Amino acid sequence: MARDITFFFAPDDEAAAKTRSAHPGRALTGVNCAGFDPDDAVVDWMAFFDGHVLRDAERRARGKWPRYVAEILNDGVGVFVVSADLVTALAGAGQDDLRDLASYWGERLVEQNENELSAAEQLSVVEDVARLAGSTGGSGLYCWQW
């Protein structure tokens, strides 16, 4: 479970990868959060928009896992790309869809024994990342985690 998570914009993979050694910080617009595994979250979020419920082995086998531009090393820091499909789905989601997504994600967190976030916090993360996705302006959306 990541202690520090930032979803952020970067012009390209190289710029995003450079944030691995230094948090994206103020130079790049982002959303800060904590208390969950962000790569698991984006798999769950994409499954929701695809109309699937993925559990356990099926989740590992069929999930749409993110591509890392800076692999997680011994220090636990990594940076991955949020897929264009997920960015589009989040940006186009209405408030009801986001509430349903947060509820679906909360159920997945409970199943994985990773229920560190309240329902309100889950909704806040989903809404904030969706708002960010809706304002990409041609930049890519990435996630830095530690």
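One table, with the values for the structure above:
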{"read-out": "For Met46, solvent-accessible area (1.4 Å; no DNA, RNA or ligand), Å²", "value": "20 Å²"}
{"read-out": "Accessible area in square angstrom per residue, the stretch 22-117, 1.4 angstrom probe", "value": "53 Å²"}
{"read-out": "Under Karplus coefficients 6.51, -1.76 and 1.60, residue-wise ³J(HN,Hα) of the stretch 98-104 in Hz, glycine/proline x", "value": "5, 4, 5, 4, 4, 5, 4"}
{"read-out": "Heavy-atom accessible surface of the chain: percent carbon and sulfur, 1.4 Å", "value": "48 percent"}
{"read-out": "List Ile72, Ile5, ordered by accessible area with a 1.4 Å probe, largest first", "value": "Ile72, Ile5"}
{"read-out": "Crossing angle, helix 38-50 versus the chain [Cα axis fit, 0-90 degrees, rounded to tens]", "value": "50 degrees"}
{"read-out": "Built amide H within the under 5 Å cut-off of Thr29, gap 5+", "value": "Phe9"}
{"read-out": "Distant-in-sequence amide H partners of Val82 (H built 1.01 Å from N, under 5 Å)", "value": "Leu141, Tyr142, Cys143"}
{"read-out": "Shape category assigned to the stretch 23-102 from the gyration tensor of Cα positions, a/c cut at 1.5", "value": "oblate"}
{"read-out": "Net dipole in debye of the stretch 1-139 [+1 Lys, Arg Cβ; -1 Asp, Glu Cβ; about Cα centre; nearest 20]", "value": "300 debye"}
{"read-out": "Selection from Tyr104, Ser135, Ala15 lying farthest towards where the dipole of the stretch 11-146 points positive, charges on Cβ", "value": "Ala15"}
{"read-out": "Amide H contacts under 5 Å for Ala2, placed H, 5+ residues apart", "value": "Gly35, Phe36, Asp37"}
{"read-out": "Paramagnetic reach from Ile72 in the stretch 2-38 [backbone N under 19 Å; point 7 Å along Cα→Cβ]", "value": "2-8, 17-24, 32-38"}
{"read-out": "Label point distance in nm, Ser21-Ala61, each placed 7 Å from Cα along Cα→Cβ", "value": "4.1 nm"}
{"read-out": "Three-way shape call for the stretch 77-123 based on the alpha-carbon gyration tensor, with the a/c threshold at 1.5", "value": "oblate"}
{"read-out": "Net charge contributed by nearby residues that have their C-beta within less than 15 Å of Glu14 (K/R +1, D/E -1)", "value": "0"}
{"read-out": "Computed [θ] at 222 nm, deg cm²/dmol, the chain (DSSP H ≥ 4; -39,500 (n - 2.57); rounded to nearest 500)", "value": "-13500 deg cm²/dmol"}
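The values are calculated or read from the model by the stated rules, or taken from the named source; none is laboratory data. Here the structure is a predicted model, which is why all the values come from computation and not from measurement. In this analysis, Cβ positions are derived from the backbone assuming ideal geometry, glycine residues included, and neighbour counts consider all displayed protein chains. We work out accessible area using only protein heavy atoms, side chains counted, and drop any ligands, DNA or RNA first. Shrake-Rupley method; radii C 1.70, N 1.55, O 1.52, S 1.80 Å.
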